[in-house]
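Engineer: Let me begin by handing over the structure; questions about it come next.
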Amino acid sequence: MLAVHHVIRADFERYLGGNALSARRAWSAALRYPGLQALLVYRFGRVCLAALWRPWWWPVLPLAALIYLLAVASIRTCYGIRLLQSAQIGAGCSILHFGGIEIANCRVGRNCSIAQGTRIGSRTDPCGPTIGDGVWIGAHTKILGPVSIGDGATIGPGSRVIRAVPQRALVLGNPARIVFPAFDNSGIQPRG
Amino acid sequence: MLLAAHRLSHYYYALLPPKRRAPGTIVLRLLIFVGRTLAVILAKSDIYHATMIDEGVHLSNDGRLTIGARRIGRGTIIHDRVTIGFKAGAGIDPPMPTVGENVWIGSDCVIYGDIEIGDGATILPETVLSMNVPARAVVGGNPARIIAREFDNAGLRLSLATVVAETEFVPSCSPSIT
């Protein structure tokens, strides 16, 4: 389990396209990418939740919770990105576009890319999908139900995943079928 | 509203000199950013400022459009939650789709790759399209396939069209009055 500043650093590095992290680049990336703003608000909410078990943080916790709720509401109304705290999103996540993203009740591994219109897990169903590391998820994908997706898998655009996806597979279609059993998605992942 | 925001960013993009990052262009690039931010606020949409959108195009005000196309022809109707863009991993300056005239694009479509959509084509809702579409064809499904050819979508576009179709629309089910 990484400390939260390492997680946020990995998120920033994902958006910088291979450039070294500096304060100026971090500011411009945070202003430019709505997905990065949503991720930062999500990480702030994780910090607030962790502070529940540390009584010396309780005096500032109501203010922090208020800031978090306002930020979440503005991200949801402006961009349509909902990253709920019931989801566990690993370090180095990359959300490049915005609109209709909802991630709830699931586990997402490290260095995943999530495109617009993606729904992972359901807000009402507590058993959601488990997604491995380095998975590339295309636009308008729906991943619902207790499915597991292996490391390095590639989910094509518009696919509906209803059963497990093995490691490094490329799936496409509705319902999702395996098109290539061994597909290297390092070429389509954003650099960083 | 959404189209007006795009017109703003595209107008200032057209004023940019060929060397985009020249130091004097900071005001122009800021105005492009303002236009794109307006599209975000008004309709949760992201429209690439270099996209050429002709007159008479109807973009759904419901929004959530993510559009990066080379050109969108006149009389085209695009419904909400549509993604048009380049293929992932296509490199720097990737080829984008070209949408012809009088095309009807249903909601929830994903259109990507170096493709051309012919004039008068109909793309059904929830299509994932990555191949060329001939003129006046109907495509649908995921993955997409051609369902019908020589289909006249004037009736579909009638309620939203701002450009009058070349041929007058005659519903096929109407009784002929002679």
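Engineer: Do we find that A:ILE103 is in contact with a strand residue (DSSP E or B) (Cβ under 9 Å, 6 or more places away or on another chain), in contact (Cβ under 8 Å) with a residue 24 or more places away in the chain, under 27 Å from A:ALA50 (Cβ atoms) and among the aliphatic types (A, V, I, L, M) in this structure?
Structural biologist: no
Engineer: Now for a separate question. Condition test on A:PRO175, is it within 14 Å of chain B (Cβ to nearest Cβ), at pLDDT below 95, part of a loop (DSSP other than H, G, I, E, B) and farther than 27 Å from A:PRO34 by Cβ?
Structural biologist: yes
Engineer: Inside the stretch B:31-142, counting only strands (runs of 3 or more DSSP E) that do not spill past its ends, which hold 1 or more residues that are hydroxyl-bearing (Ser, Thr, Tyr)?
Structural biologist: Passing ranges, in order: B:83-85, B:110-112.
Engineer: Hey, B:ALA5 hits all of (1) closer than 23 Å to B:LEU160 by Cβ; (2) at pLDDT below 90; (3) small (Gly, Ala, Ser) but one; which does it fall short on?
Structural biologist: (2)
Engineer: Something else about it: Within the stretch A:141-162, restricting attention to residues that are buried (at least 24 other Cβ atoms within 10 Å of the Cβ) and away from chain B (no Cβ under 14 Å), which residue is farthest from A:GLY121 (Cα to Cα)?
Structural biologist: Only one residue tops the list, namely A:ALA153.
Engineer: Restricted to the stretch A:178-190, and to residues that are part of a loop (DSSP other than H, G, I, E, B) and of a type in the set (A, V, I, L, M), which residue is nearest to the other protein chains (Cβ to nearest Cβ)?
Structural biologist: Only one residue fits best here, namely A:ILE188.
To keep it simple, each residue is scored yes or no on (1) in contact with a helix residue (DSSP H, G or I) (Cβ under 8 Å, 6 or more places away or on another chain); (2) farther than 20 Å from A:SER159 by Cβ; (3) modelled with pLDDT under 90.
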| position | (1), (2), (3) |
| --- | --- |
| B:VAL34 | yes, yes, no |
| B:LEU42 | yes, yes, yes |
| B:GLY68 | no, yes, no |
| B:ALA88 | no, no, yes |
| B:GLY91 | no, yes, yes |
| B:ASN102 | yes, yes, no |
| B:CYS109 | no, no, no |
| B:ASP119 | no, yes, no |
| B:MET131 | no, no, no |
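Engineer: Could you look through the stretch B:74-93, keep only residues that are out of contact with any strand residue (DSSP E or B) (no Cβ under 6 Å at 6 or more places or on another chain), touching a residue at least 40 places away in the same chain (Cβ under 8 Å) and buried (at least 19 other Cβ atoms within 10 Å of the Cβ), and pick out the one that is farthest from B:ILE117 (Cα to Cα)?
Structural biologist: The selected residue is B:HIS79.
Engineer: Can you tell me how many residues within the stretch B:4-24 are out of contact with any Ser or Thr (no Cβ under 7 Å at 6 or more places or on another chain) and surrounded by fewer than 17 Cβ atoms within 10 Å (Cβ to Cβ)?
Structural biologist: 12
Engineer: Another question about this same structure. Cβ-Cβ distance below 8 Å, separation of 6 or more or different chains: which pairs start in the stretch B:43-54 with a residue that is away from chain A (no Cβ under 11 Å) and end on one that is in a loop (DSSP other than H, G, I, E, B) and acidic (Asp, Glu)?
Structural biologist: As it stands, the answer is B:ASP54/B:GLU101, since those pairs meet every condition given.
Engineer: Looking at B:ASN132, B:ASN142, B:ASN153 in this structure, which one is away from chain A (no Cβ under 13 Å) and either in contact with a His (Cβ under 7 Å, 6 or more places away or on another chain) or surrounded by 17 or more Cβ atoms within 10 Å (Cβ to Cβ) (or both)?
Structural biologist: B:ASN153
Engineer: Tell me which residues, restricted to the stretch B:94-111, are within 14 Å of another protein chain (Cβ to nearest Cβ) and surrounded by fewer than 23 Cβ atoms within 10 Å (Cβ to Cβ).
Structural biologist: Scanning the stretch B:94-111 gives B:PRO94, B:GLY106, B:SER107, B:ASP108.
Per-residue answers, yes or no, for (1) within 14 Å of chain B (Cβ to nearest Cβ); (2) touching a Phe, Trp or Tyr at 6+ places or on another chain (Cβ under 9 Å); (3) assigned to a helix (DSSP H, G or I):
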site: A:PHE44; (1), (2), (3): no, yes, yes
site: A:CYS48; (1), (2), (3): no, yes, yes
site: A:TRP58; (1), (2), (3): no, no, yes
site: A:LEU61; (1), (2), (3): no, no, yes
site: A:ALA64; (1), (2), (3): no, yes, yes
site: A:ALA71; (1), (2), (3): no, yes, yes
site: A:THR77; (1), (2), (3): yes, no, yes
site: A:ARG82; (1), (2), (3): yes, no, no
site: A:GLN85; (1), (2), (3): no, yes, no
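The values are calculated or read from the model by the stated rules, or taken from the named source; none is laboratory data. A quick note: this is a predicted structure, and the numbers were derived from the prediction, not measured. Because the Cβ atoms are built from the backbone with ideal geometry, glycine has one as well, and the counts that use them run over all protein chains shown.
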